[in-house]
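Remarks on the structure that follows.
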Amino acid sequence: MKRTVALAACAAFLAGVTPRVNAEPLVDVTVQNGWSRPAIDTAVVYAVVRNGGATPLLLVGASSQVAQSAELHQSMSMSAGKMDGAAMSAMGMQPVARLEIPPHGTLTLKPGSYHLMLLGLRQPLAAGQRFMVTLLFAGGVSKTFLVQVENRGF
């Protein structure tokens, strides 16, 4: 009887530590070419984010020690009415809640498209400086990358 109880206890223990067969796949994300322009209060960060995994990734936020907060944004062309009969347009932007990166796909954060806004800079950013940004993905995954401050045109 004691032997049966001991075997049952061992089986229960082993069942508890056996890896799950249907475990979530490992996330394979890389971030390259992080850059920003010099800024005083608000900065824009650009980079290339690659999903090397077999499942989509949802980018849901970001953070950085250099700013009070960070937001994902999308640039867009907005109609500004007419002047002398000609249509006028201007660039604008709006926050986005999340950005999906397809399996084995790339998300390019670039001028005139999706980008990351750093709001409430703790100090001005000057050309030549570097700082870290952490991207936050659904499911609790994060990826930290280096951003270089550069004097680049639009």
Those residues of region 59-103 which are over 30 Å from Gln129 (Cβ atoms) and at pLDDT 95 or above, in sequence order: Glu100, Pro102, Pro103
Residue match in region 117-135 (condition: in contact with a Lys or Arg (Cβ under 8 Å, 6 or more places away or on another chain), modelled with pLDDT of 95 or more and either closer than 30 Å to Asp28 by Cα or of a type in the set (S, T, N, Q) (or both)): yes
Tally, over region 141-154, of residues that are part of a loop (DSSP other than H, G, I, E, B) and within 10 Å of the chain's Cα centre (by Cα): 0
Residue, nearest to the chain's Cα centre (by Cα), within region 95-105, restricted to residues that are surrounded by 13 or more Cβ atoms within 10 Å (Cβ to Cβ) and part of a strand (DSSP E or B): Leu99
Residues (open to solvent by 40 Å² or more (accessible area, probe 1.4 Å) and part of a strand (DSSP E or B)) located in region 111-140: Tyr114, Leu119, Arg130, Met132, Leu136
Residue that is modelled with pLDDT under 95, open to solvent by 30 Å² or more (accessible area, probe 1.4 Å) and over 26 Å from Arg98 (Cβ atoms), where the choices are Pro25, Pro19: Pro19
Complete set of residues in region 23-62 that are of a type in the set (Ser, Thr, Tyr) and closer than 23 Å to Ala127 by Cβ: Ser36, Thr42, Tyr46
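The values are calculated or read from the model by the stated rules, or taken from the named source; none is laboratory data. A quick note: this is a predicted structure, and the numbers were derived from the prediction, not measured. Don't worry about glycine lacking a Cβ; one is built from the backbone with ideal geometry, like all the others, and counts go over all protein chains shown. Note: areas computed on protein heavy atoms with side chains; ligands, DNA, RNA excluded. Shrake-Rupley method; radii C 1.70, N 1.55, O 1.52, S 1.80 Å.
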